[in-house]
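Here is the structure we will look at, set down as structure tokens.
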Amino acid sequence: MRGLAGKVAIVAGGGRGIGGATARRLGQEGAAVVVGDIQGGWAERTAAAIRAAGGRAIGLGFDICEAESVARLVRAALDEYGALDIFHANAAGGTEGDIEALTVPLAVFDRSIALNLRSYLICTQAALPEMLARGRGAIIYTSSAAAYGGNPVQVAYPVAKNGVHALMRHVAARYGKQGIRANVVAPGLVLTEAVKEHLSEEYVEAGLQRALCPRLGKPEDIAAMVAFLASDDAEWITGQVYGVNGGMALRD
């Protein structure tokens with residue numbers, strides 16, 4: 001893709017799954033990649049795979065919910081590569097006990113907001129100053145088709161991911177004239193390691209039946225969209241939510 005070679009990217013939540021595939025894709029396209037993950041070993045394994053393929057990457061353990069931890073991730077990019085051009089905020093989880101509005105414990109709701117929304121504000125506050133100083137930058141947030149799906153058995157997670165869309169559009173509107181682009185990728189059912197570990201075969205099969213494509217998503221499908229949105233080929237795209245879902249959700 002045009003304009004990724006030589007750029008510096010952070011993938012926050014890049015140890016495996018969508019984030020891991022995105023880190024590898026950015027490395028293949030010539031970007032230097034800082035891979036951060038709550039599991040530092042996963043982050044380093046992904047970084048090692050990028051280096052083994054001839055790319056540049058480092059892996060670090062960090063906590064996306066802690067401002068100082070995210071700040072250290074940004075400092076690592078500056079110390080190692082001298083710049084920051086791309087930030088992919090990729091977090092999801094905290095859904096245990098998140099059933100419906102009447103009964104969801106406030107602690108469960110708060111935990112989901114902290115992981116799935118507040119953490120993205122923390123990432124934004126850490127990355128934006130460096131991008132503004134350079135006069136350019138691309139921030140891509142991972143959301144979810146759950147944000148607009150009307151799920152009857154989940155409340156906190158969709159609320160949080162809807163909030164991500166609002167945050168993204170604020171960033172795009174407020175800082176666009178200063179060279180900052182912001183977009184969201186909203187995946188459908190993607191067969192990540194976590195999905196294979198935690199979702200039943202019946203749930204996965206039901207997702208396949210809803211899709212218009214003959215297969216479910218792969219992490220590489222999402223990585224391709226993130227890489228495009230980070231590239232100079234997408235330099236006139238900002239403020240948008242892109243559903244990558246195999247036709248599981250149809251919307252303008």
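The values are calculated or read from the model by the stated rules, or taken from the named source; none is laboratory data. This one's a predicted model, so the numbers in the text were calculated from it and none came from an experiment. Note that each Cβ is placed from the backbone with ideal geometry, even for glycine, and that neighbours are counted across all protein chains shown.
Things to note:
- Test result for GLY149, of a type outside the set (S, T, N, Q), over 20 Å from the mean Cα position of the chain (by Cα) and either modelled with pLDDT under 95 or over 25 Å from LEU60 (Cβ atoms) (or both): no
- Whichever residue in the range 148-163 is surrounded by fewer than 23 Cβ atoms within 10 Å (Cβ to Cβ) and among the small types (Gly, Ala, Ser) and, among such residues, is nearest to LEU102 (Cα to Cα): GLY150
- Any chance ALA230 is out of contact with any His (no Cβ under 8 Å at 6 or more places or on another chain) and on the phi < 0 side of the Ramachandran plot: no
- Flag for ALA186 being within 15 Å of the chain's Cα centre (by Cα) and either touching a residue at least 24 places away in the same chain (Cβ under 8 Å) or within 18 Å of MET248 (Cβ to Cβ) (or both): yes
- Residues located in the range 208-235, provided they are crowded, with 17+ Cβ neighbours inside 10 Å, under 14 Å from GLY188 (Cα atoms) and within 21 Å of the chain's Cα centre (by Cα): LEU216, GLY217, PRO219, ASP221, ILE222, ALA223, MET225
- Restricting the range 10-43 to residues that are in a helix (DSSP H, G or I) and in contact with a Leu (Cβ under 7 Å, 6 or more places away or on another chain), the residue that is surrounded by the fewest Cβ atoms within 10 Å (Cβ to Cβ): GLY40
- Residue check for PRO158: under 20 Å from the mean Cα position of the chain (by Cα) and free of Cβ contacts under 8 Å to residues at least 24 places away in the same chain: yes
- Answer residue from the range 200-221, given it is of a type outside the set (A, V, I, L, M) and assigned to a loop (DSSP other than H, G, I, E, B) and is modelled with the highest pLDDT among those: LYS218
- Residue that is surrounded by the most Cβ atoms within 10 Å (Cβ to Cβ) [pool: residues in the range 236-252 that are more than 14 Å from the chain's Cα centre (by Cα) and β-branched (Val, Ile, Thr)]: THR238
- When the range 44-89 is limited to residues that are under 21 Å from ARG134 (Cβ atoms) and of a type in the set (Phe, Trp, Tyr), the one that is surrounded by the fewest Cβ atoms within 10 Å (Cβ to Cβ) turns out to be TYR81.
- Boolean, ARG169 is among the basic types (Lys, Arg), under 26 Å from GLY15 (Cα atoms), under 17 Å from the mean Cα position of the chain (by Cα) and modelled with pLDDT of 90 or more: no
- Candidates ARG2, ARG25, filtered to the one that is modelled with pLDDT of 95 or more, in contact with a helix residue (DSSP H, G or I) (Cβ under 6 Å, 6 or more places away or on another chain) and basic (Lys, Arg): ARG25
- Residue pairs meeting the criteria (Cβ under 9 Å; at least 6 apart or on separate chains; first surrounded by fewer than 22 Cβ atoms within 10 Å (Cβ to Cβ), in the range 164-175; second at pLDDT below 95): HIS165/ALA147; HIS165/TYR148
- Residue within the range 4-16 that is more than 14 Å from the chain's Cα centre (by Cα) and of a type in the set (Lys, Arg) present: yes
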